[in-house]
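Below is one structure, written out as structure tokens; the observations come after it.
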Amino acid sequence: MTRLCRTFQTAPAGVAKDNTAKYLESAFNATGFQVPDWLVPDIEDGTAPSMKETALENTVELSAEYGPEFAGEIWPRVQWAFDDESLREAGTHEIETLVREAGDHIDGVVVPKVGRLDDVERAASAVANAEANSGYDAGSIGLSVIVETAQAKSDLREIASFGTDSRLTGLVFGPVDYTAELGAREIAGERPSWPGMVEDLSNEASANDLVSIGGPFDRLFHTRAGVTVYNADGYADQVEREARVGFDGSWSLHPKQTEQANRIHMPDRETISRAVRSIEDFSAAKAAGSGAVTIDGQMIDEATLKNYANTVDTVVSIHKASEQQTSNAYDDDLLERALSTDTDTRT
Amino acid sequence: MTRLCRTFQTAPAGVAKDNTAKYLESAFNATGFQVPDWLVPDIEDGTAPSMKETALENTVELSAEYGPEFAGEIWPRVQWAFDDESLREAGTHEIETLVREAGDHIDGVVVPKVGRLDDVERAASAVANAEANSGYDAGSIGLSVIVETAQAKSDLREIASFGTDSRLTGLVFGPVDYTAELGAREIAGERPSWPGMVEDLSNEASANDLVSIGGPFDRLFHTRAGVTVYNADGYADQVEREARVGFDGSWSLHPKQTEQANRIHMPDRETISRAVRSIEDFSAAKAAGSGAVTIDGQMIDEATLKNYANTVDTVVSIHKASEQQTSNAYDDDLLERALSTDTDTRT
Amino acid sequence: MTRLCRTFQTAPAGVAKDNTAKYLESAFNATGFQVPDWLVPDIEDGTAPSMKETALENTVELSAEYGPEFAGEIWPRVQWAFDDESLREAGTHEIETLVREAGDHIDGVVVPKVGRLDDVERAASAVANAEANSGYDAGSIGLSVIVETAQAKSDLREIASFGTDSRLTGLVFGPVDYTAELGAREIAGERPSWPGMVEDLSNEASANDLVSIGGPFDRLFHTRAGVTVYNADGYADQVEREARVGFDGSWSLHPKQTEQANRIHMPDRETISRAVRSIEDFSAAKAAGSGAVTIDGQMIDEATLKNYANTVDTVVSIHKASEQQTSNAYDDDLLERALSTDTDTRT
């Protein structure tokens, strides 16, 4: 079981409003299913050039103020680009500042636009230096990278493998930059969905115990005959595709997206109920000498069982993070059965 | 042309019934299109823990009894897991026993849940040791592996390349374990279909002259308004997808699946007829100085021709294995024309 | 921005007709949107064995005659196969002849059926030798390869990476040979579309500044109730899929295909208009301190902007190559706005 990250919510950390931390503050104050598992104060693309310093200060201040009580993890996104030295210098400064001023409150930093393996190693060194300079234990500050350049995709296997024994924690897909990088584009109303990238990223994350996270969905609203509504279907469809191939979580740009992604990456009532029942039935059959049984037309063996075990383990893991969410989603009997199910499929 | 394996049928080798070899015996006694090209006595996931020794004994005994007359190949599946030493020890014991007691009858062993390249090499060594210990020539016992872990997918190119000069014979996809490994899942009624894995596996098998085989389809039956029927469409759809991307064969869990996969991986009447006609027409055009001709709106050149040559070669190869199947599927004229077609596209 | 290659039109260079250069001559004389960005005189699969020498002579003569005035680039396709020494010798002879006799007029050569990296290096050496033997500067004659074997796909990352510092210019997908190589096939009326190959090829080309080009579409015509028509929809659908994932261009077998591909790989009026407007709006918002704005329900930030910048850059690049095409496609106001848009997204 990798660590919990159903939602990776970015919030611009400095905006040109009376309260420059408006969106970040709002994210820290979210409740219920709108609390992201990872909150990402965004100092990079979501923040205008003139607001970068303000964004950095807001991130430091609010992480200190809200961090101790905040239920999720805190992962600021800094500036970086494998092919732009000035952005890497800006990012290195931001990493130094964040670790020095808010190292007790943040779980790690998110570095965008990394290139080949050597660039990811460079980003890891920047974090290592910041840690050492501020007196933190080696490895105490995590690193997640956004895979959104052709070079990073080309080196994905090496980057992920580097992650096995390093501070690298998560691989996040960045489809908008990636689409621009490849000269790809929306055509005839349809965008590229990068199924190969998504499948490879899920595989390499799993092969190296990293968290895998989907990319942002920017069509937040749609308008029909003059009325504008939140695009609930568009986002849910994307999150479902991501959950289906084994992404641990999805990117959110809005509290409503966070709510949807938290729920989709959490087994629904019917799914957990079926998993618990199938584990119970199969265990009984196995004890009686059967290696495979057919339940509701489906042949179930040890391999099938592992999938059901995953479902139960996910519920246990969410329950540890937020009893409020599990008790809201499941009735007491079902939750108790799930929590007491033995998911060690090797016994 | 790689060796014939349209069907890879697993049968649990030890079950808690009066006749513990019931399913295995039934598979050895299949006739017509229900004879699998490869029969896989399953000592692994299809057999309960308490029946493992019985399964091993049944495999040895029935391979000796039915092997000499059986039309297909015999490839027992043993226990193994890259991350579990006790399973690897059990598998090594099973390989030793199978080679020692039934080495004259089996074509190779199937090793599941392999990890990275070094684990595949470890499995190959286990077979090599068993061979040497029982006095068989080096390389006489084959090895096929099931690709069903994130690590094996990550190393697929290296594993397949190792196969070029080794006993490695087949790459088999194991989607159920793989889905669990990646934390993927059925969602909104749809399962991940892993098109990237399937495409890569087909490519790497072809690049190294290995056999490529699809994964099991476990929704054997479906029920509508109280009546349960064999799920013929569901399985055929999967086998068609596999044949389309160049898999040599498909996994079967049931004699009816074997019949369907044997037929789908065999060109139908119209396909072979069109291939023979196109080769004849194109050869005539080429002799008259044309490099490309248009037949029925399609432009045909040397590249197109290779595809038609593949179709004819497949029929020839099936004919050598089972004249009963080819004479059942095609009328005499067509079969004779196919068998006498020159498929050397370089002349 | 990689170099312009919306269309890669092959024309058989020697046919058994009174005018053996009929199709090649016709391609050199195309006008308007039927002028291919790259014209590929085909000495390989489109030319019959008995016409190879004629095809080579026609290519030399017509390149000299039409080359100086021809608007596109000239890239003859020679014979080659990684697994056939006699074809490699024939190809080496053709490369020598083309460089010696027409080196001033051709931009490079297209080498098909390459295998692993060492075979691509062998092809590059053949071009280097021809260059040296005829006194051309090193690197003046380009090389593009057709990716159509399982080995080339397996080594795609290494081949593309070799391209970064070499004469390698383009990666072209060859689906018909590739389908035969993998033993894949049309089944139930549907062909394999190789989405994984296409996605990887687009990525590796972008990671190494190479041109990426799609494969031929051979269903040129279709017949309905006795009437045969050009298959405009079938081809356009394929080109749209290729443009969507970032291919720079598509393969054409016919002047009508060239016209369609030239238009599809060129932003349409609405697309360029939206790009220009969004860049203007976002620049204003950024100056006012916003890192992201919502336009028509879509959240736009720096990453989105790069996609709009690509659109504008493509129009500028086509305008430089053919003002006739841009003035035909856009009205003057829009074209002028596009040409004067600042696409440096870092400012």
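The same position A:Asp209 in the other copies lies at 4.1, 4.1 nm from this copy, comparing label points 7 Å beyond Cα toward the beta-carbon, shortest first.
Based on DSSP H segments of at least four residues, each scored -39500 (n - 2.57), the protein assembly as shown has a per-residue ellipticity at 222 nm of -15000 deg cm²/dmol.
Think of a 1.4 Å ball rolled over the protein heavy atoms: chain B then has 38 Å² of accessible area per residue.
Shortest first, C:Asp342 label-point distances to identical copies amount to 7.0, 7.0 nm, with the label point at 7 Å from Cα along Cα→Cβ. For the chain pair A and B, the buried solvent-accessible surface (1.4 Å probe, both sides summed) amounts to about 3100 Å².
Below 12 angstrom from the Cβ of A:Ala243, what's the summed charge of the other residues (Lys, Arg +1; Asp, Glu -1)? For residues surrounding A:Ala243, the net value is -1. Peptide B:185-191 shows a mean partner chain C-beta count of 6 within 10 Å per residue C-beta. What separates the Cα centres of region C:171-185 and region A:158-230 is a distance of 28 Å.
Which angle from 0 to 90°, rounded to the nearest 10, does the C-alpha axis of helix B:232-244 make with the longest principal axis of chain B? Approximately 70 degrees, to the nearest ten. In this view, the solvent-accessible surface of B:Lys22, computed with a 1.4 Å probe and all protein chains in place, comes to about 90 Å².
Of all chain B residues, the one whose Cβ lies closest to the rotation axis that maps B onto A, given with that distance rounded to whole Å, is B:Gly196, 3. Taking every alpha-carbon pair in region B:148-213 and binning the separations at 5 Å intervals from zero gives 4, 18, 28, 22, 14, 8, 4, 2, 0 percent. Solvent exposure of B:Phe8, expressed as accessible area, is near 0 Å², computed with a probe of 1.4 Å over the protein chains only.
Here the Gaussian network model covers chain B, with springs between Cα atoms less than 10 Å apart; of B:Thr314, B:Thr228, B:Thr169, B:Thr228 fluctuates the most.
The peptide list A:60-66, A:149-155, C:231-237, put in order of mean Cβ contacts within 10 Å with the highest first, becomes A:149-155, A:60-66, C:231-237. Using only alpha-carbon positions in region A:98-249, the gyration tensor eigenvalues give semi-axes of 31, 18, 14 Å once each is multiplied by 5 and square-rooted (largest first).
Pairing the Cα long axis of helix C:117-133 with the longest principal axis of chain C, what angle in degrees results, from 0 to 90 and rounded to the nearest 10? Taking Cα atoms only, the helix is inclined about 70 degrees. Number of Lys-Lys pairs in chain B with C-alpha atoms under 25 Å apart and a separation of 8 or more places or on different chains: 9. Working from Cα pairs under 8 Å separated by at least six residues, relative contact order for region C:193-347 is 17 percent. For B:Thr31, the point set 7 Å out from Cα toward Cβ sits 7.4, 7.4 nm from its twins in the other copies, listed from shortest up. Threshold 20 Å², probe 1.4 Å: give the residues of region B:213-243, in number order, that are less accessible with all protein chains present than with their chain alone. Buried-area filter returns B:Asp218, B:Leu220, B:Phe221, B:Glu240, B:Ala243. Summing +1 for each Lys or Arg and -1 for each Asp or Glu among the other residues whose beta-carbon sits under 12 angstrom from that of B:Gly46 gives -3. Ligands, DNA and RNA aside, B:Glu57 has an accessible area near 100 Å² when probed at 1.4 Å. The spacing between region C:265-291 and region B:259-289, judged by their C-alpha centroids, is 53 Å.
Normalised by the number of residues in chain C, the average gap of Cα pairs under 8 Å and 6 or more apart makes the relative contact order 15 percent. Across peptide A:305-312, the mean count of Cβ atoms from other chains lying within 10 Å of each residue's own Cβ comes to 4.
Taking every C-alpha pair closer than 8 Å and separated by at least 6 residues, the mean separation divided by the residue count of region C:139-246 gives a relative contact order of 26 percent. Shown are B:Arg77, A:Arg241, A:Arg116, whose ranking by accessible area with a 1.4 Å probe and every protein chain present, most to least, is A:Arg241, A:Arg116, B:Arg77. Computed on the Cα trace of the protein assembly as shown, the radius of gyration divided by the Kirkwood hydrodynamic radius gives Rg/Rh = 0.98.
Of the residues A:Met51, B:Met197, ranked by 1.4 Å probe accessible area with the largest first, the sequence reads A:Met51, B:Met197. Counting, for every residue in C:146-155, the Cβ atoms of other protein chains within 10 Å of its Cβ and taking the mean gives 4. Across C:His254, C:His265, the residue with the most accessible area heads the list, and the full order at a 1.4 Å probe is C:His254, C:His265.
Of the solvent-accessible surface of the protein assembly as shown, computed with a 1.4 Å probe over protein heavy atoms with every protein chain present, carbon and sulfur atoms account for 45 percent. Please give the helix B:255-264 orientation as an angle from the longest Cα principal axis of chain B, in degrees from 0 to 90, rounded to the nearest 10. The answer is roughly 30 degrees.
The values are calculated or read from the model by the stated rules, or taken from the named source; none is laboratory data. Since the model is a prediction, treat every value here as computed from it, not as a measurement. Positions of Cβ are generated from backbone atoms using ideal geometry, with glycine treated the same way; all protein chains shown enter the neighbour counts. With ligands, DNA and RNA removed, areas are computed over all heavy atoms of the protein, side chains included. Shrake-Rupley method; radii C 1.70, N 1.55, O 1.52, S 1.80 Å.
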